[in-house]
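What follows is a single structure, written as C-alpha cells, with notes after it.
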Amino acid sequence: MNIDQKIQLLKPHAKLLSGNLMGIEKEGLRVSRKGGLSQAPHPSALGCALTHPNITTDFSESLLELVTPPLPTAQSVLNFLKDTQHYLYCRLPKDQSFWPASMPCVIRGKTYIPIAQYGSSNRGKMKTVYRQGLANRYGSVMQVIAGIHFNYSFADKFIQKYCELSEKDQNKDEAYMAMTRNVVRYGWIVPYLFGASPAVCKSFLKGYHQHSLVEFNDSTLYEPYATSLRMGDIGYQNLREDEAGVKANYNSLSHYVHSLKLGMTTPCSDYEKFEVKVNSEYQQLNANTLQIENEYYASVRPKPLLEPGRKPLDSLSDKGIAYIELRSLDINPALSMGIDEQQIHFLEVFLLFCLLKDSPAISTREQFEIDNNDQLVAHEGRRPDLLLKHQTKEISIAKLGAQISADLASCATLFGASYVQEVGAIVKRFDDPELTPSAQVLSKMKEQGQGFFDHINTYAKQYRQDFLSNEVNQMHFDYLDEQARASCKQQREIEDSDTMSFDQYLAQYFNQV
C-alpha cells in the first residue's frame with residue numbers, strides 16, 4: 001500500500017489528529033554584555049534547575065533550557081514558550097541576555113564554561129558528574145552548542161486506527177519505530193530546510209585543527225553552502241562511535257534498547273585514561289563507551305514517560321514509546337523564539353509522512369548512505385550540484401526534495417488546507433536554496449558587513465529590548481514564580497531524604513534491573 005492509499009483510508013479519521021500532543025525544549029546561553037558566556041551561577045530568581053519543570057540548565061550553568069508541557073497545538077506551545085522567554089528576560093540580571101543562535105557567542109577557552117550544578121543530593125551530583133565526563137571526553141566547548149528539541153506524540157486513537165488499517169500487523173511501538181527509522185532516513189530534510197548555523201565565531205574553533213571552514217572576516221569562519229554546522233562534524237557527536245562500535249539500531253524497540261545498553265556496559269580504553277575518580281573526586285560516572293544513554297548523540301529518539309529513579313531505557317522497554325523527540329533543529333536567529341508556527345506545522349506533516357511511508361529495516365549499507373547524506377547536507381546542502389544517495393543511486397538534492405515534497409503535500413491534506421499552504425511555502429526552498437534560513441543568515445551578514453558574533457548580538461539586544469517592552473502575562477509569571485519556589489523546596493527535600501553515599505547511589509542506579 002503506497003502513501004496515497006494510506007491517506008485515503010485515513011481521511012475519514014483525520015479528526016483524530018486533533019488529539020496529537022507536542023512540546024518544545026529550547027536551549028540558549030546566558031551571555032554578558034561583553035559577549036562572553038556569563039560566569040554567574042544559574043539565577044536564583046529562576047528557581048532550582050534540578051527540579052523546575054520549565055526552566056532548567058543543560059551542560060553548563062550558562063546554558064539554559066526552556067521546556068513547555070505537551071500541548072495540543074502549535075499556537076499553544078508557542079504561547080507558553082513566548083511567555084516563559086518573556087519571564088526569563090524579566091528575571092535575568094540587567095547585565096545578561098539570552099543568546100538567540102545555536103552556535104555560541106565568544107568563547108575564551110574551556111575554563112570559562114562552568115559545568116551545571118544541581119545541589120548536594122545524589123541525584124544532583126550524578127547530573128553534574130555526567131557533565132564532567134562529557135567535558136573530559138569531548139571538550140567543554142562542543143557542549144555549549146544549543147538547539148531546539150521538538151517532542152511529538154500522535155493521539156492513541158489515531159495510532160490505533162492506523163495500525164488497524166495497516167497491511168502489516170503492528171502495534172503502537174512498532175509503528176513509532178518505523179516512523180523513527182524514516183526520520184533517520186529522511187532526516188537531512190530538517191537541516192536543509194531549517195538549518196541556521198552556516199557560520200561560527202573563530203574563538204569556537206580555536207585549537208580545533210581539522211575543519212573545512214574558510215574565513216568570512218577576521219572574526220568569523222563559515223562554509224559557503226553550509227546549512228547547519230551544528231549538525232556537521234564540528235558539532236557535538238560521539239566521534240568514536242565507528243571504532244567503538246556504538247550505533248543505535250532503530251530496526252525494532254528491542255534492538256534500539258539493546259544497542260544503547262551495549263554502549264553503556266562496554267568499557268572504553270580511551271575513557272579509562274581519565275579514571276572514574278581522581279583524589280576521591282568523580283571525573284565521569286564510569287569508563288564505558290556511554291556513561292548513560294543520553295550521551296549517545298542522535299537526531300531523533302523514541303522516548304518513554306520517565307519514572308523517578310529508573311533508567312529511561314528500562315522504562316522504554318517496560319512501558320513502551322510515549323513520544324518521539326526530534327533533536328536536529330537549529331535556533332533560527334531571525335525569529336524571536338527561534339521557531340515559528342509554520343515550521344511546527346511542517347514538522348507535524350513531516351512526522352506523519354515518516355509514519356505513513358514504508359519503512360524497511362535499515363541495513364549497514366543504507367546507514368552509511370544516511371550518515372554521508374547528513375554530513376553532506378550539513379556542510380554543503382545549498383551547493384547547486386549536490387548529489388545525495390537514495391536507495392543506492394545518486395540523485396540531486398532538488399530532485400529528491402521534489403519527490404518527497406509530493407508526499408508531504410498529500411500528508412498535509414489530513415491536517416487541513418492551511419497546512420497544505422504552509423508546507424507548499426517551505427518546500428520552495430528545495431528549488432531556491434537562497435530561501436533557506438542558512439542562506440538568509442549569510443546574506444544578512446554580508447549585507448550588514450557583520451561577522452557572526454556582531455550579527456547575532458544585534459538580534460540578542462533587539463529581542464531583549466522587545467520582550468522587556470511587552471505586556472506581561474501575569475498569570476504565567478505567577479505560575480513560574482510558584483514553580484521557582486516549589487522547585488527549590490523540592491530540591492531541599494530530595495537532599496534531606498538521601499540516606500546513602502554517592503558511591504552506593506551510583507551502584508544501585510546502574511545495577512537496577
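The values are calculated or read from the model by the stated rules, or taken from the named source; none is laboratory data. Remember, predicted model here, so these are calculated numbers, not experimental data. Glycine also receives a Cβ, built like all others from the backbone with ideal geometry; neighbour counts cover every protein chain displayed. What goes into the accessible areas is simple: the full protein's heavy atoms, side chains included, and nothing from ligands, DNA or RNA. Shrake-Rupley method; radii C 1.70, N 1.55, O 1.52, S 1.80 Å.
Scanning segment 163-185 for residues that are among the hydroxyl-bearing types (Ser, Thr, Tyr) and open to solvent by less than 20 Å² (accessible area, probe 1.4 Å) yields 176, 180.
Can we say residue 189 is of a type outside the set (S, T, N, Q), under 22 Å from residue 361 (Cα atoms) and free of Cβ contacts under 8 Å to residues at least 24 places away in the same chain?
Values: of a type outside the set (S, T, N, Q): yes; under 22 Å from residue 361 (Cα atoms): yes; free of Cβ contacts under 8 Å to residues at least 24 places away in the same chain: no.
Criteria not met by residue 189.
Residue 428 - would you say it is farther than 24 Å from residue 381 by Cα, of a type in the set (Lys, Arg) and assigned to a helix (DSSP H, G or I)? Considered against the rule, which asks whether it is farther than 24 Å from residue 381 by Cα, of a type in the set (Lys, Arg) and assigned to a helix (DSSP H, G or I), residue 428 comes out as no. Within segment 267-301, the set of residues being farther than 27 Å from residue 148 by Cβ, out of contact with any Gly (no Cβ under 6 Å at 6 or more places or on another chain), open to solvent by less than 50 Å² (accessible area, probe 1.4 Å) and among the hydroxyl-bearing types (Ser, Thr, Tyr) comprises 271, 282. Against the list (1) at pLDDT 95 or above; (2) surrounded by 18 or more Cβ atoms within 10 Å (Cβ to Cβ), the condition residue 320 fails is (2).
Look at segment 117-129: where a residue is more than 15 Å from residue 508 (Cα to Cα) and a partner is modelled with pLDDT of 95 or more and basic (Lys, Arg), sitting 6+ places away or on another chain with Cβ atoms under 6 Å, you get 118/127. Candidates 394, 482, 471, 434: the one that is among the acidic types (Asp, Glu), modelled with pLDDT of 95 or more and under 25 Å from the mean Cα position of the chain (by Cα) is 434.
Any residue at all in segment 281-296 that is over 19 Å from residue 134 (Cβ atoms), part of a strand (DSSP E or B) and not polar (S, T, N, Q)?
The first filter runs over segment 281-296 and keeps only residues over 19 Å from residue 134 (Cβ atoms), leaving none.
So far as segment 281-296 goes, no, none of its residues is over 19 Å from residue 134 (Cβ atoms), part of a strand (DSSP E or B) and not polar (S, T, N, Q).
Which residue, of 466, 432, 454, is under 15 Å from residue 193 (Cβ atoms) and open to solvent by 40 Å² or more (accessible area, probe 1.4 Å)?
Numbers: 466 fails: under 15 Å from residue 193 (Cβ atoms); 454 fails: under 15 Å from residue 193 (Cβ atoms).
Answer to the check: 432.
Of all residues in segment 53-77, those satisfying the criterion of being open to solvent by 10 Å² or more (accessible area, probe 1.4 Å) and under 27 Å from residue 294 (Cβ atoms) are 53, 56, 58, 61, 65, 67, 68, 69, 70, 71.
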